[in-house]
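Single-structure report; data block below.
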Amino acid sequence: MAITATGTTTTRALSGDMTIEEFRQWIRRFDVNGDGRISRNELRHAIRSIGARFSGWRSNRWIRQADANGDGFIDVEGEIDNLLDYAKSNLGINIVAY
Ligand SMILES: [Ca+2]
Ligand SMILES: [Ca+2]
């Protein structure tokens, strides 16, 4: 299986509105190795790619915020929604219902 290049940059501008579904898809792209979970490293890499003023310890907070079952990963199925509020207040993303 080929390693997915992160080079497909159809990156949406992060300013402005995003639907919940778009937000989920955006977060899913963080899962570089495709195991269905966002690890701390994947998150840190993703955060850097959006150019946010985030450092390593902040990605830890993201995970702590979202990680409902406490396994240290953000599960793509089920735990992404926990990031909605956090993204809104910390990234300035306006997430609209539809
Ligand atoms: Ca992963
Ligand atoms: Ca988890």
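The values are calculated or read from the model by the stated rules, or taken from the named source; none is laboratory data. All figures in this text were calculated on a predicted structure; none of them were measured in a lab. Ideal geometry is used to build each Cβ from the backbone, glycine not excepted, and the neighbour counts take in all protein chains shown.
Sub-7 Å Cβ pairs linking a first residue in region 31-45 that is within 16 Å of ligand 2 (Cβ to nearest atom) to a second residue that is hydroxyl-bearing (Ser, Thr, Tyr), at least 6 apart or interchain, are 40/59; 43/59, ordered by first then second residue. Evaluated against (1) farther than 19 Å from residue 90 by Cβ; (2) at pLDDT 85 or above, residue 8 falls short on exactly one condition, (2).
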